[in-house]
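What follows is a single structure, written as structure tokens, with notes after it.
The values are calculated or read from the model by the stated rules, or taken from the named source; none is laboratory data. In this text, all values refer to a predicted model and were calculated from it rather than measured experimentally. Here Cβ is always computed from backbone atoms with ideal geometry, including for glycine, and neighbour counts include all displayed protein chains.
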Amino acid sequence: MLLAIDIGNTTIGLAVMTPKGVVRSVSVIDTNSKAEKIKTVVAGILKHDRIAKAVICSVVPQACTRLENILKKRVPVFVIGRDILVPIKNGYKYPKQVGQDRLVGAFAAMKIYGPPLIVVDLGTATTFDVVSPKGEYLGGAIVPGLRLSAESLFLKTALLPRTEIKPPRHIIGKTTQESIQSGLFYGYGSLCRGLIDLLNQKLKTSCQVVMTGGYARLMKGFVSPKMCKVDENLVFKGIYFCSSG
């Protein structure tokens, strides 16, 4: 078994994967969890599954180091970007600036769905990553994520409440919470649809869209169902592809 680990700014996902790349189980903990919590989760996984190695994809260096130190006492550990390179041509002006999760997601989508592609990852940040018809990573766009925007409204204003992110009853909100929900849901939905349209215009083609991340299912309705796939395990699959050569 492979333990594929995706360390994001908000959460850490630990997926046990079969030798054929099937996600068998996923555990999720907060990125800022204390070492004892991480040790408990890791011990539980290693107790019930025969893990041959662990492969980490991380955008949080400190969390990566902490988790690697815990794991390497039990299993061989490899880190994407350091020990394993994502086998996709990187068209970024400064290639090292691209988050490894973005490259891994783009590579996985290309392998599974084929280019050209737009990968939309709706996590702490909302990222749009473009894979050319030739299978090259071109770059993309980054905006604050849904939860980050909602929390900013709550923390940076005097009267706006913390609000659950979900589809509102009406596009014209009748309460402050409904108004915020409408702005987040329809605003981000329109942002997704609009940016995808602009990227397609730039590429002069209609790209397959692959959505992943915590809010993928919430936003998928803003893109044509014929052109949009939701794959919540995309990064885990990319880690598997990268680690299996």
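Some observations on this one:
- Any hit, region 190-205, residues being of a type outside the set (A, V, I, L, M), outside the structural domain of Ala54 (by TED's automatic domain parsing) and under 30 Å from Val77 (Cα atoms): no
- Matching entry among Gly105, Gly145, Gly99 (being under 22 Å from Val60 (Cβ atoms), out of contact with any Ser or Thr (no Cβ under 7 Å at 6 or more places or on another chain) and outside the structural domain of Asn9 (by TED's automatic domain parsing)): Gly99
- Of all residue pairs spaced 6 or more apart or on separate chains, those with beta-carbon atoms under 7 Å, a first member in region 210-222 that is closer than 20 Å to Pro116 by Cβ and a second member that is in a strand (DSSP E or B) and among the charged types (D, E, K, R) are Val210/Lys229; Thr212/Asp121.
- Selection count, region 177-203, where residues are without any contact (Cβ under 8 Å) to a residue 60 or more places away in the chain and either buried (at least 16 other Cβ atoms within 10 Å of the Cβ) or touching a helix residue (DSSP H, G or I) at 6+ places or on another chain (Cβ under 9 Å) (or both): 13
- Every residue from region 34-59 that is touching a residue at least 12 places away in the same chain (Cβ under 8 Å), under 23 Å from the mean Cα position of the chain (by Cα) and more than 12 Å from Val75 (Cβ to Cβ): Ile38, Val41, Cys57, Ser58, Val59
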